[in-house]
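Student: One structure, as structure tokens, below. Some questions next.
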Amino acid sequence: MTLDLIYKIKLMSSKIKILQVIPRLGYGGAETGCFDLAHYLSENNCSSFVITSGGELIKYINKKKVKVIRLPVHSKNPILMLFNSIALMAIILFFNISIVHARSRAPAWSCLLATKITRRRFVTTFHGTYNFNNSLKKYYNSVMLKSDLIIAGSNFIFSHISENYSNNLDLKKKFLVIFRGINTEYFNPNKILQSDERKLLSQWNINNDKPLILLPGRLTSWKGQEMFIEALYYLNKEIPEKAFIAVILGSDQGRKVYKKKLIRLVEQHRLQNYVKFVDNCELMPIAYKVSNIVVSSSIEAEAFGRVSVEAQSMEKPIIASNIGGSKETIIDDKTGFLFEAKNSEALGKKLIHVMNLDESTLKFIGIEGRKNVIKKFNIEKMCFSTYSEYKKIIN
């Protein structure tokens, strides 16, 4: 009997064992997807493992359901990547792992070597556009296409791969779209207590007597915070009688110079009384609930656009750039609003439009938004689709 046949016989008589590998378990879209899938698998007769270097979400993992192993899989150091490969081989053999699912490029290289040697199934999820400016960087990115199953998180990413990596795609490998999803029960406006809303507004030192415009996302230039501030300036100039407060919610992640630049821009436009910077918020559903309008102002395409989906799930009007994933997740003028990317005046005009909508229209948009997310982008659908594909490649 061959090793492959012995392995398949063992597999048929035992639980499927899935190992997900991700650099860090933070609050990003790839990370929350990994977190949710890990628990879903454990509840569906699978053994679930996660390898990561750390992250804020680790403390929320149910250790009885999911085994977490720490390795420096965030590192791009070739020596550490080789060490990770050796460690992965040992873990795969010791726990008899069936499938290894890599969610980022550096760990994917380590997983590729480990799965080749141990003859295990290899899955990758292409979470972003992974910019490249030379052939070496493009080759580095192409590891995400060397697996047995390639998952794109949106149609936009599927098209991006097809257009830019056609030479790296093996037609024998399965390549498909599984939309990322969110937990619609967690992002549920009816689950939020008024006392929690008051507590958060108090922490932010905000009175709830003015419309609150929320811009979530880490502080980095491509997320469009500068353009957002310019749009607020336009809004204030066009309707100075309309009071509002804007919260730019996100960590600078060490980009101190960029944050200072944003603060100077606020001061330059005399918006100090209108704009507040908040470093982080662990309970994002409450942040959405206390907001009147949510904005996603990215000047580069979002792979999926998690903010747009979370806002819709919380029945809040979302205004987003008309590029990338948001074009797929928002039904324009029905569940949210799209504006011309990189155009602060266009964003300002959309803000004015939404601020002038009556309550019944806003309520209708909120209800339709939540319906849209439950139908297309809920976590159960994402997890079920991924689990179904796992079973197919095992068979």
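Student: Would you be able to tell me the number of residues in region 359-373 that are open to solvent by less than 80 Å² (accessible area, probe 1.4 Å) and not polar (S, T, N, Q)? Spell out how you get there, then give the answer.
Tutor: In the first step, residues of region 359-373 are kept if they are open to solvent by less than 80 Å² (accessible area, probe 1.4 Å); the result is 361-362, 365-370, 372-373.
Keeping just the survivors that are not polar (S, T, N, Q) gives 362, 365-370, 373.
Final tally of qualifying residues: 8.
Student: Considering 139, 130, which residue is assigned to a helix (DSSP H, G or I) and aromatic (Phe, Trp, Tyr)? Lay out the reasoning, then the answer.
Tutor: Working: 130 fails: assigned to a helix (DSSP H, G or I).
Unique residue meeting the criteria: 139.
Student: Can you work out which of the residues in region 91-127 that are in a strand (DSSP E or B) and among the hydrophobic types (A, V, I, L, M, F, W, C) is nearest to the chain's Cα centre (by Cα)?
Tutor: Let us first name the residues in region 91-127 that are in a strand (DSSP E or B), namely 99-102, 121-126.
Remaining after also requiring among the hydrophobic types (A, V, I, L, M, F, W, C): 99-100, 102, 122-123, 126.
Numbers: 99: 23, 100: 20, 102: 15, 122: 22, 123: 18, 126: 12 Å.
Top of the filtered list is 126.
Student: With respect to residue 328, is the statement that it is open to solvent by 30 Å² or more (accessible area, probe 1.4 Å), at pLDDT below 95 and closer than 28 Å to residue 254 by Cα true? I'd like the intermediate steps shown before the answer.
Tutor: Details: open to solvent by 30 Å² or more (accessible area, probe 1.4 Å): yes; at pLDDT below 95: yes; closer than 28 Å to residue 254 by Cα: no.
Taking the combined requirement at face value, the residue does not satisfy it.
Student: Give me a count of the residues in region 266-278 that are surrounded by fewer than 12 Cβ atoms within 10 Å (Cβ to Cβ) and closer than 24 Å to residue 208 by Cβ.
Tutor: So the answer is 3.
Student: Looking only at region 280-297, how many residues end up being at pLDDT below 95, over 24 Å from residue 382 (Cα atoms) and not hydrophobic (A, V, I, L, M, F, W, C)?
Tutor: 1
Student: With respect to residue 311, determine if the residue is in contact (Cβ under 8 Å) with a residue 12 or more places away in the chain, part of a helix (DSSP H, G or I) and under 20 Å from the mean Cα position of the chain (by Cα). Break it down into steps so the answer makes sense when it comes.
Tutor: Values: in contact (Cβ under 8 Å) with a residue 12 or more places away in the chain: yes; part of a helix (DSSP H, G or I): yes; under 20 Å from the mean Cα position of the chain (by Cα): yes.
It is true that residue 311 is in contact (Cβ under 8 Å) with a residue 12 or more places away in the chain, part of a helix (DSSP H, G or I) and under 20 Å from the mean Cα position of the chain (by Cα).
Student: Here is a further query. Tell me, please, whether a residue that is farther than 30 Å from residue 159 by Cβ and either touching a Phe, Trp or Tyr at 6+ places or on another chain (Cβ under 9 Å) or hydrophobic (A, V, I, L, M, F, W, C) (or both) can be found in region 289-306.
Tutor: Initially, region 289-306 is screened for residues farther than 30 Å from residue 159 by Cβ, giving 289-292.
Restricting the remaining residues to those that are either touching a Phe, Trp or Tyr at 6+ places or on another chain (Cβ under 9 Å) or hydrophobic (A, V, I, L, M, F, W, C) (or both) gives 290, 292.
Yes, region 289-306 has at least one match.
Student: I need the full set of residues from region 328-359 which are within 11 Å of residue 318 (Cα to Cα) and not β-branched (Val, Ile, Thr), in order please.
Tutor: 332, 333, 334, 336, 337, 338, 339, 350, 351 - these are the residues of region 328-359 that are within 11 Å of residue 318 (Cα to Cα) and not β-branched (Val, Ile, Thr).
Student: Select from region 74-86 the residues that are over 16 Å from residue 54 (Cα atoms) and open to solvent by less than 20 Å² (accessible area, probe 1.4 Å) and list them in ascending order.
Tutor: Hit for region 74-86 is 85, nothing else.
Student: Exactly one condition in (1) out of contact with any His (no Cβ under 9 Å at 6 or more places or on another chain); (2) at pLDDT 95 or above is not met by residue 53; state its number.
Tutor: Condition not satisfied by residue 53: (1).
Student: When you look at residue 344, is it open to solvent by less than 10 Å² (accessible area, probe 1.4 Å) and in contact with a helix residue (DSSP H, G or I) (Cβ under 7 Å, 6 or more places away or on another chain), yes or no?
Tutor: Details: open to solvent by less than 10 Å² (accessible area, probe 1.4 Å): no; in contact with a helix residue (DSSP H, G or I) (Cβ under 7 Å, 6 or more places away or on another chain): yes.
No.
Student: Just the residues that are buried (at least 16 other Cβ atoms within 10 Å of the Cβ), of a type outside the set (S, T, N, Q) and outside any loop (DSSP other than H, G, I, E, B), please, taken from region 202-225.
Tutor: If the condition is that a residue be buried (at least 16 other Cβ atoms within 10 Å of the Cβ), of a type outside the set (S, T, N, Q) and outside any loop (DSSP other than H, G, I, E, B), then 212, 213, 214, 215, 216, 223 are the ones that fit.
Student: Criterion first (open to solvent by 30 Å² or more (accessible area, probe 1.4 Å), in contact (Cβ under 8 Å) with a residue 24 or more places away in the chain and among the small types (Gly, Ala, Ser)) does residue 385 satisfy it? Walk me through how you get there before you give the answer.
Tutor: Values: open to solvent by 30 Å² or more (accessible area, probe 1.4 Å): yes; in contact (Cβ under 8 Å) with a residue 24 or more places away in the chain: yes; among the small types (Gly, Ala, Ser): yes.
Criteria met by residue 385.
Student: Go through 119, 70, 103 for me and flag whichever is among the basic types (Lys, Arg) and within 30 Å of residue 330 (Cβ to Cβ). Talk me through it step by step, then tell me what you get.
Tutor: On the way: 119 fails: within 30 Å of residue 330 (Cβ to Cβ); 70 fails: within 30 Å of residue 330 (Cβ to Cβ).
Among 119, 70, 103, only 103 is among the basic types (Lys, Arg) and within 30 Å of residue 330 (Cβ to Cβ).
Student: Considering region 226-265 alone, what residues qualify as being among the small types (Gly, Ala, Ser), part of a helix (DSSP H, G or I) and open to solvent by 20 Å² or more (accessible area, probe 1.4 Å)?
Tutor: Step one: of region 226-265, the residues among the small types (Gly, Ala, Ser) are 231, 243, 246, 250-251, 254.
Within this subset, residues satisfying the condition of being part of a helix (DSSP H, G or I) are 231.
Listed by number, the list is empty, since nothing qualifies.
Student: Mind telling me which of the residues 120, 105 ends up being closer than 25 Å to residue 52 by Cβ, charged (D, E, K, R), touching a strand residue (DSSP E or B) at 6+ places or on another chain (Cβ under 7 Å) and crowded, with 17+ Cβ neighbours inside 10 Å? Before you say what the answer is, go through the steps one by one.
Tutor: Working: 105 fails: touching a strand residue (DSSP E or B) at 6+ places or on another chain (Cβ under 7 Å).
One residue alone meets the criteria, 120.
The values are calculated or read from the model by the stated rules, or taken from the named source; none is laboratory data. Note that the coordinates shown come from a computational prediction; the quantities given were computed from them, not determined experimentally. Positions of Cβ are generated from backbone atoms using ideal geometry, with glycine treated the same way; all protein chains shown enter the neighbour counts. Accessible surface areas use protein heavy atoms only, side chains included; no ligands, DNA or RNA. Shrake-Rupley method; radii C 1.70, N 1.55, O 1.52, S 1.80 Å.
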